[in-house]
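Quick notes on the structure that follows.
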Amino acid sequence: MSRPNPILFALYRHALRLYPSRLRLLYQDQMLQTVRDAHAERQHRPSLFWAQLFADLCISAVKEHILMTRDEAMRRPIFFHAITLCVVLTLMGGAAAITMQQLLRRGADQPQIQMAKNYASQIVVGKRLEDVLPPVHIDIARSLEPFAIYYNDQGEPVGATGHLDQSVPAPPAGVFSYLRTHPVDNFTWQPRPGLRIAAVAFHVNGPNPGFILVGRSLTLVQQQENALRRGTFITWFALMALLALGALFLNRAQARHTIAV
């Protein structure tokens with residue numbers, strides 16, 4: 001009678017810890033003896049035998065844990081229902097928070113879209129750039145006002161209402177490359193660390209082809225997003241605490257009722 005490989009057999013014995021402890025203590029010796037008998041009567045190569053053995057162990061261990069969890073839930077239905085409700089509320093709250101965050105970010109592109117379309121339509125018909133862009137100087141690092149920058153077809157700024165450190169910033173070159181094959185690009189622009197801009201850019205044809213970019217600081221939106229995250233977490237924590245206290249109270253009441261009966 002061939003004996004199992006001692007290293008693999010010892011590894012299998014340790015792998016039995018994957019089973020719930022109650023079952024392992026009851027059936028470990030019987031399962032090890034079954035492995036010895038199966039190895040002696042095996043009809044496959046040792047490598048295939050051990051691979052199938054470990055695969056079966058993992059699958060059956062998962063099944064036993066699921067059954068044990070189900071049985072525990074049946075014995076304590078209040079806690080099971082409370083946990084289920086916690087999971088449902090967490091998923092719903094997370095989905096709602098993500099949706100609200102996306103709505104805030106999409107709303108940050110207004111009024112830039114309309115302003116960029118308006119500027120582009122005037123430039124296309126041949127109006128002078130100085131007549132299209134208002135004569136203002138906006139510090140984009142401090143102001144929440146929308147600003148506009150016009151770049152020529154080579155990506156060089158030729159007119160602007162927004163400035164950063166007394167110069168006209170330029171977006172990544174990939175923005176211009178994208179706009180040569182697409183009519184519009186909505187993107188978040190970070191001209192320097194800590195400064196995020198909700199930008200909208202159009203490719204403009206006509207007598208003076210180029211690119212019109214209109215942007216606005218995301219500072220206010222970031223503050224709203226932070227407030228949304230704080231509010232969501234506080235609400236979630238309060239609901240979880242109420243559910244936990246309610247489940248504990250109902251479980252104790254049920255236990256006292258059972259003892260009284």
query: Roughly how big is the chain's charge dipole about its Cα centre, with Cβ charges of +1 (Lys, Arg) and -1 (Asp, Glu), in debye to the nearest 20?
result: 1240
task: Could you calculate the contour length gain from Gln101 to Ala238, that is, 0.36 nm times the residue separation minus the distance between their Cα atoms, to one decimal place in nm?
output: 47.2 nm
field: Gain upon complete extension [Arg36, Ala227; 0.36 nm per residue less C-alpha separation]
entry: 62.5 nm
- prompt: Which net charge results for the neighbourhood of Leu25, defined as the other residues with beta-carbon distances under 15 angstrom from its beta-carbon, given Lys and Arg at +1 and Asp and Glu at -1?
  reply: +2
- request: State the label only: which of (1) 14.5; (2) 25.6; (3) 13.7 corresponds to mean projected area of the Cα convex hull in nm² computed from the shown model?
  value: (2)
message: If you filter region 1-81 for GluC sites (Glu not before Pro), then keep DSSP loop positions with at most 14 other Cβ within 10 Å, what is left?
response: Glu41
query: Once both axes come from the Cα atoms, what is the angle between helix 21-40 and the longest principal axis of the chain, in degrees from 0 to 90, rounded to 10?
result: 80
- request: Report, in deg cm²/dmol and to the nearest 500, the calculated mean residue ellipticity at 222 nm for the chain, where each DSSP H run with n ≥ 4 adds -39500 (n - 2.57) and the sum is divided by the residue count.
  value: -20500 deg cm²/dmol
message: Helix 6-15 against the longest principal axis of the chain: what's the angle in degrees, Cα atoms only, rounded to the nearest 10?
response: 70
Length added when fully stretched, Met68-His44, from 0.36 nm per residue minus Cα-Cα: 5.3 nm
message: Defining a contact as two alpha carbons under 8 Å apart and six or more residues distant in sequence, what relative contact order in percent does the chain show?
response: 18
- line: With Cα coordinates, the longest principal axis of the chain makes an angle with the long axis of helix 77-107, in degrees rounded to 10, of 20
Selection from Pro183, Leu213, Tyr119, by position along the positive dipole direction of region 109-217 (Cβ): Pro183
task: Estimate the FRET efficiency between Asp165 and Thr84 by the formula 1/(1 + (r/R0)^6), using the beta-carbon distance for r and 45 Å for R0, to the nearest 0.05.
output: 0.25
- prompt: About the Cα centre of region 1-100, what is the dipole size in debye to 20, counting +1 per Lys and Arg Cβ and -1 per Asp and Glu Cβ, all else neutral?
  reply: 160
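A short reminder: the numbers here are calculations on the coordinates, not readings from a lab. Here the structure is a predicted model, which is why all the values come from computation and not from measurement. Don't worry about glycine lacking a Cβ; one is built from the backbone with ideal geometry, like all the others, and counts go over all protein chains shown.
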